[in-house]
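*Asks:* Following this message is one structure expressed as structure tokens.
The values are calculated or read from the model by the stated rules, or taken from the named source; none is laboratory data. Since the model is a prediction, treat every value here as computed from it, not as a measurement. For neighbour counting, all protein chains shown are included, and Cβ atoms are generated from backbone atoms with ideal geometry for every residue, glycine included. In case anyone asks, the SASA skips ligands and DNA or RNA and just uses the protein heavy atoms, side chains included. Shrake-Rupley method; radii C 1.70, N 1.55, O 1.52, S 1.80 Å.
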Amino acid sequence: MEMSEKIRVAGYVKLAKLWEKRREQAVAYHNSYYESKFARSTKFQLVGVYIDITGNKQTAKRPEMVRLLGDCSSGKVQCIATQTKAYLAANMGDFCYLVKLLSEINGGIDLITEDTDYQIDTVTDFDGQKKALVGMADEYIRLNPDDYRLWKTAVTENFHGKG
């Protein structure tokens, strides 16, 4: 990547099913939030905002997350930005699976969260955070690699950019 080329970033939000009644306002708010966040960035170019409004915790059953991961796979997205890591996964297992999958796509997809207790920023990669996260994911997956393979198949079978 040339130094002048911006990192293609996408915002991701997962909202509870109760937001369905206020979908239009929620979508408008989050689109505006990410547009404002990256509007003057010299480092990032916002390429989309993906918003799941669902009660489903399974990654494979969150259509916007699956579409986002497909767009990562096709090269449209190089980094996922989210306000909290809780939007990314419902539990530690799914988080580890997601981190591992992102590490396998196109040389690695970066993550940025705004969590106050444990902010993730694999672009800046302070203290080797990216390697540590992938190492944690590898250790978790090593306990039951078949579970990861099943999860990955369920998520990736719907990629539009799958090749």
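*Asks:* Enumerate by residue number the trypsin sites (Lys or Arg not before Pro) in the range 55-163 meeting two conditions: DSSP loop (anything except H, G, I, E, B), and at most 15 other Cβ atoms within 10 Å of the site's Cβ.
*Replies:* Details: sites: LYS57, LYS61, ARG67, LYS76, LYS85, LYS100, LYS130, LYS131, ARG142, ARG149, LYS152, LYS162; in loops: LYS57, LYS76, LYS162.
Passing both the DSSP loop test and the Cβ count: LYS57, LYS76, LYS162.
*Asks:* Test of understanding: what is the full-extension gain from ASN158 to GLU139, defined as 0.36 nm times their sequence separation minus their Cα-Cα distance? Provide the component values of the computation, followed by the final result.
*Replies:* Details: separation 19, 0.36 × 19 = 6.84 nm, distance 2.67 nm.
Once the chain is fully extended between ASN158 and GLU139, it gains 4.2 nm.
*Asks:* Leaving out same-chain residues fewer than 8 places away, which aspartates and glutamates sit with a Cα under 16 Å from that of LYS21?
*Replies:* Reachable aspartates and glutamates: ASP52.
*Asks:* Rounded to the nearest Å, what's the spacing between the alpha carbon centres of the range 49-119 and the range 19-39? Just the number, please.
*Replies:* 18 Å
*Asks:* Name the most mobile residue of ASP94, ASP121, ASP146, meaning the one with the largest mean-square fluctuation, in a Gaussian network model of the chain with Cα contacts below 10 Å.
*Replies:* Taking springs between Cα atoms under 10 Å, the residue moving most is ASP146.
*Asks:* Sum up the charges of everything whose Cβ sits under 13 Å from the Cβ of CYS79, counting Lys and Arg as +1 and Asp and Glu as -1, but leave CYS79 out.
*Replies:* +1
*Asks:* Report VAL47's accessible area, 1.4 Å probe, all protein chains in place, as a number in Å² to the nearest 10.
*Replies:* It works out to around 40 Å².
*Asks:* Further question on the same structure: How many Å² of accessible area per residue for the range 109-163, probe 1.4 Å? Write down the numbers at each step before the final one.
*Replies:* Values: 3600 Å² over 55 residues.
Roughly 66 Å² per residue, with all protein chains present.
*Asks:* Also, I was wondering about something else. Taking amide H atoms as placed 1.01 Å from N in the peptide plane, list the residues 5 or more away in sequence, or in a different chain, whose amide H sits under 5 Å from that of ASP110.
*Replies:* It is CYS79, ILE80, by chain and number.
*Asks:* Heavy atoms only, 1.4 Å probe, whole protein assembly: order MET136, MET92, MET65 by accessible area, highest first.
*Replies:* Descending order: MET92, MET136, MET65.
*Asks:* Still on this structure, please answer the following. Only sites in a loop by DSSP and with at most 16 other Cβ atoms within 10 Å count here; which chymotrypsin sites (Phe, Trp or Tyr not before Pro) in the range 106-155 make the cut?
*Replies:* Sites meeting the loop and neighbour criteria: TYR118.
*Asks:* Let me ask something else. Quick one: pull the percent of accessible area on the chain belonging to carbon and sulfur, 1.4 Å probe, ligands and nucleic acids left out.
*Replies:* Carbon and sulfur atoms account for 51 percent of the accessible area of the chain.
*Asks:* Continuing with this model, one more query. Taking the DSSP beta bridges in the chain as the whole, what percent of them are antiparallel, to the nearest 5?
*Replies:* 5 percent
*Asks:* Kindly write out, for the range 8-19 in residue order, the coupling ³J(HN,Hα) from the Karplus curve 6.51 cos²θ - 1.76 cosθ + 1.60 (θ = phi - 60°), rounded to whole Hz, with x marking Gly and Pro.
*Replies:* 7, 10, 10, x, 10, 9, 10, 10, 5, 3, 4, 6
*Asks:* When the chain is fully extended, how far beyond the present Cα-Cα distance does ARG149 get from LYS37, taking 0.36 nm per residue of separation?
*Replies:* Working: separation 112, 0.36 × 112 = 40.32 nm, distance 3.52 nm.
Full extension from ARG149 to LYS37 adds 36.8 nm.
*Asks:* Right, next: Is the range 13-141 rounded, prolate or oblate when judged by the Cα gyration tensor, a ≥ b ≥ c being the square roots of its eigenvalues, rounded requiring a/c under 1.5 and prolate requiring a/b larger than b/c?
*Replies:* Note, shape of the range 13-141 comes out oblate.
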